[in-house]
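Readers should treat all values here as calculations from the given coordinates under stated rules, not as data from a laboratory. Everything quoted here is computed from the prediction, not taken from an experiment. Quick reminder, even Gly has a Cβ in these numbers, built from the backbone with ideal geometry, and neighbours come from all protein chains shown.
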Amino acid sequence: MATVTNGRLLFNEVPEGYPVPGKTTVYDESSKIDLENVALHGGFLVKVLVLSIDPYLRGRMRHAEISTYIAPFTVGEPLANFGVGVVIRSESPAVKSGDHLYGIYPFVQYTVQNNAQAFRVIDNKLNLPLSAYIGVCGMPGETAYYAWKEYASPNDIADRLSTQGDVVFVSTAAGPVGATVVQLAKADGLKVIASAGSDDKVAFATSIGADVAFNYKTVSTRKILEKEGPSTCTYWDNVGGETLEAAIEYAGKGARFIECGMISAYNTKTPYGVANLINIIAQEIHIYGSVVSSLRNKYVEEFYSQFVPRVASGDIKYKEHLVRGLENAGEAILDVQSGKNFGKCVVVVAEE
């Protein structure tokens, strides 16, 4: 090993609308790293293998003075998100050379890390692709599993079926979170209505168990809910906007709304104004905002011991959208924001 280029994807400027590759984000090859001699200071050197591209990254592309639940990216510095890397050298007793680590990484090819507690060692005895650990077996899968367990209360839903019906509506049902929710809901014996943004995505949602799947771009969400889901008992929201408004209109008494994302508002200055919020009172709707990190300590060990084996066995199905090369990560971010990806978007930074 010798001094090599350490490619980076930098946050260059705050976007006005959709993030623009080469403008919002810039791929940079000016940084070098000596893999044999770079100082570790008790830490460990990691070769980044795969990085996750998720909708919430757009929320971090904001001005620093705007406060929310997660810190903004710093202009001129690499973006960061969940990934898996392999340890090349280590001075830490907690990890050793060859270990695969799951955690938050900067968008770089190589990185020196010092906090072993921030990472999870993946033993991968189940022989899953490493990319699965940043998708269905990582943060997106955790998001679905934790919030479904915490807020959907399937047993309570079953108790209410005689008056409420057993209908669950999932938006963005072909994405990594939505697709997992579809399967969790079906495993609990519920009828699932699923919306997606293309006919191929609709077919995928159907293949994983959705009872009614439709393309919201060509079919009226309201008409589907009126026919198939009046008195919906649970709505899993990934998009907000008009879809949220439709879900409120057809919610059953005491329905549960799990607010996971609102991608329809991420890239616009004038988000859609939901007009029927009064129905929240009339229908006594329970609304739960969900951030995965808030529930992780409660469910993480159960997730890895019970849910991940279901993925490995094929019981839980998933789809990936692989983008090869860190230099293409900016385009991958735009694809996710605009819905061009089909499946969990993963940037393959390097092979082992």
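What nm value, rounded to one decimal, do you get for the distance between Thr68 and Ser294 when each label is placed 7 Å out toward the C-beta?
Label-label distance for Thr68 and Ser294, simple model: 1.5 nm.
Could you work out how much longer the chain between Glu226 and Leu35 gets when fully extended? Use 0.36 nm per residue separation minus the Cα distance between them, nm to one decimal.
Details: separation 191, 0.36 × 191 = 68.76 nm, distance 6.04 nm.
Here the answer is 62.7 nm.
If you count the DSSP beta bridges with both ends in the chain, what percent of them are antiparallel, to the nearest 5? Could the numbers behind the result be given before it?
Working: 32 of 58 bridges.
Just about 55 percent of them are antiparallel.
I'd like the distance separating the alpha-carbon centroids of region 52-106 and region 1-19, in whole Å.
The two parts, judged by their Cα centres, are 13 Å apart.
Using the membrane-span-like helix rule (whole DSSP H runs, Cα extent along the own axis of at least 24 Å, mean Kyte-Doolittle hydropathy at least 0.5), which helices of the chain qualify? Kindly include the intermediate steps, with their values, before the conclusion.
Working: long enough: none.
The answer is none, since no helix passes both cut-offs.
State the dimensionless ratio Rg/Rh of the chain (Rg: radius of gyration of Cα atoms; Rh: Kirkwood radius).
Details: Rg = 21.0 Å, Rh = 21.2 Å.
Over the Cα atoms of the chain, Rg/Rh equals 0.99.
Tabulate in residue order the Karplus-calculated ³J(HN,Hα) for region 271-276, using 6.51 cos²θ - 1.76 cosθ + 1.60 with θ = phi - 60°, rounded to whole Hz; enter x for Gly and Pro.
Those phi angles translate into x, 4, x, 5, 9, 10 Hz.
Checking the table Lys217/Lys253; Lys227/Lys298; Lys191/Lys344 against a 26 Å threshold on Cα-Cα, which pairs fail?
Details: Lys217/Lys253 28 Å; Lys227/Lys298 38 Å; Lys191/Lys344 24 Å.
Violating the 26 Å limit, Cα to Cα: Lys217/Lys253; Lys227/Lys298.
Could you work out how much longer the chain between Ala2 and Asn215 gets when fully extended? Use 0.36 nm per residue separation minus the Cα distance between them, nm to one decimal. Numbers along the way, then the final one.
Values: separation 213, 0.36 × 213 = 76.68 nm, distance 5.16 nm.
Length difference between fully extended and current span is 71.5 nm.
Under a 10 Å cutoff between Cα atoms, tell me which one of Tyr27, Tyr146, Tyr304 has the largest fluctuation in the Gaussian network model of the chain.
Looking only at Tyr27, Tyr146, Tyr304, the biggest GNM fluctuation is shown by Tyr304.
Tell me the label-point distance for the pair Val14, Arg60, using the 7 Å Cα-to-Cβ offset, in nm and rounded to one decimal.
For the pair Val14/Arg60, the computed spacing is 1.7 nm.
Cross-link candidates for Lys32: which aspartates and glutamates have Cα within less than 20 Å, leaving aside residues fewer than 8 places away along the same chain?
Glu77, Glu327, Glu351, Glu352
List the equivalent ellipsoid semi-axes of region 140-292 in whole Å, largest first, each obtained as the square root of 5λ for an eigenvalue λ of the Cα gyration tensor.
20, 19, 16
Report the extension gain between Asp315 and Asn124 in nm, rounded to one decimal, defined as 0.36 nm multiplied by the number of residues separating them, less their alpha carbon distance.
Numbers: separation 191, 0.36 × 191 = 68.76 nm, distance 1.74 nm.
Difference between extended and current length: 67.0 nm.
Take every Cα pair under 8 Å in the chain that's 6+ residues apart, average their separations, divide by the length, and report that relative contact order as a whole percent.
19 percent
Once you put a point 7 Å from the Cα of Glu77 and another 7 Å from the Cα of Ile280, both along the Cβ direction, what distance in nm separates them?
3.4 nm
Calculate for the chain the 222 nm mean residue ellipticity that helices alone would give, adding -39,500 (n - 2.57) per DSSP H run of length 4 or more and normalising by residue count, nearest 500 deg cm²/dmol.
Values: 12 runs with 93 residues, N = 352.
So the helix-based figure for the chain works out to -7000 deg cm²/dmol.
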